[in-house]
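Quick notes on the structure that follows.
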Ligand SMILES: [Fe+2]
């Protein structure tokens, strides 16, 4: 969720932080218990668009569709997040709602949860929260043959640690499903992928959020994040060896040049290999302030050409076949 700090139009001396929301999630008949704002003027001043508790009727919906964006006050985020929770419940139980909308709503909820998780990575409730996200994705994948296609389409092109984690989880689950892992294995793989970068919360934010390439020293610090993540995961009550292994070893390389343990070949488990491939793919195909994104084709081509000794090419090939498949995945 993008946070935008602006000066409120009236009174001028007061500051208010507004948060952009996804207006396509709102529909006729919805009643939201917080004010919705639109952006007006050249400096992006905010003006009340729909007062709280007023039903969103047809005419307002038409006006809303014309707006570029809608906002809420940051202090209303918990109220809005509860509303999203409610929508997710309604959407996942409604068989008439298009899979594209379902996928988008579930991705949106995952984004809220992951944001909270990175704010407080050692909170014990992170385990049930992650399970909730992964189960929503797995249930969606099993409920509709077009679900994977829709989920992949919705992955964010802008790189943030929390959306990167969701993207990697979506890719890993898609690949796992393509490789015929069973529901239990998929849930474990999904948990591991979702939490694979949790250890970045322990690395200096100036490094993890740096708008440029890392120096040697910064990179050395960054290399601790898989073992930090492993420790945090155990601390919050994750004991499953496969989940822990995927978190700790997603940066290992088949030729032994990876970190933190310098594992080689068959020492790198299937979870670590799958998450490793999805991690590299997402890093290449998302935009950073210092680099443009590669298309899926360019990213996979680069991986095939230059990472033969690092990544498992059987998994890269499966990823390519999955993306190229004209059949519903
Ligand atoms: Fe990582």
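Please treat every number below as a calculation from the coordinates, not as lab data. Every value quoted in this text rests on a predicted model; they were computed, and no experiment measured them. Glycine also receives a Cβ, built like all others from the backbone with ideal geometry; neighbour counts cover every protein chain displayed.
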Normalising by the residue count of region 112-207, find the relative contact order in percent from Cα pairs under 8 Å and 6+ residues apart. 33 percent
Mean Cβ neighbour count within 10 Å, used as a protection proxy, ranking 294-301, 62-69, 241-248 highest first: 241-248, 294-301, 62-69
Neighbour-count ranking [beta-carbon atoms within 10 angstrom, fewest first] of 173, 26: 26, 173
With 10 angstrom as the radius, rank 288, 273 by how many other C-beta atoms surround their C-beta, starting from the fewest. 288, 273
Taking Cα atoms, the helix 77-93 axis meets the longest principal axis of the chain at an angle in degrees (rounded to 10) of 70 degrees
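Going by average Cβ density within 10 Å per residue, which order do the peptides 226-232, 183-189 take, highest to lowest? The partial results should precede the final answer.
Details: 226-232: 20.6, 183-189: 18.0.
Highest to lowest by the protection proxy: 226-232, 183-189.
Ranked highest first by average number of other Cβ atoms within 10 Å, how do 29-40, 302-313, 160-171 line up? Write out the running numbers ahead of the final one.
Values: 29-40: 16.9, 302-313: 15.3, 160-171: 23.9.
My ranking of the peptides, most packed first, is 160-171, 29-40, 302-313.
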For the Cα atoms of the chain, what angle does the longest principal axis make with the long axis of helix 270-285, in degrees from 0 to 90, nearest 10? 50 degrees
Computed over all unlike Cα pairs, the Kirkwood hydrodynamic radius of the chain in Å stands at 21.1 Å
Computed [θ] at 222 nm, deg cm²/dmol, the chain (DSSP H ≥ 4; -39,500 (n - 2.57); rounded to nearest 500): -16500 deg cm²/dmol
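So for region 263-329, what percent of the C-alpha to C-alpha distances run longer than 14 Å?
On the way: 1324 of 2211 pairs.
When every Cα pair of region 263-329 is considered, 60 percent fall beyond 14 Å.
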Once normalised by the length of the chain, the mean sequence separation of its alpha carbon contacts under 8 Å that are 6 or more apart gives a contact order in percent of 12 percent
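For 214, 284, what's the fewest-to-most ordering of other Cβ within 10 Å of each Cβ? If you can, show how the numbers build up before the last one.
Numbers: 214 14, 284 17.
By the 10 Å Cβ count, ascending, the order reads 214, 284.
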Please give the helix 313-324 orientation as an angle from the longest Cα principal axis of the chain, in degrees from 0 to 90, rounded to the nearest 10. 40 degrees
Given the chain, what percent of its DSSP beta bridges are antiparallel, to the nearest 5? 95 percent
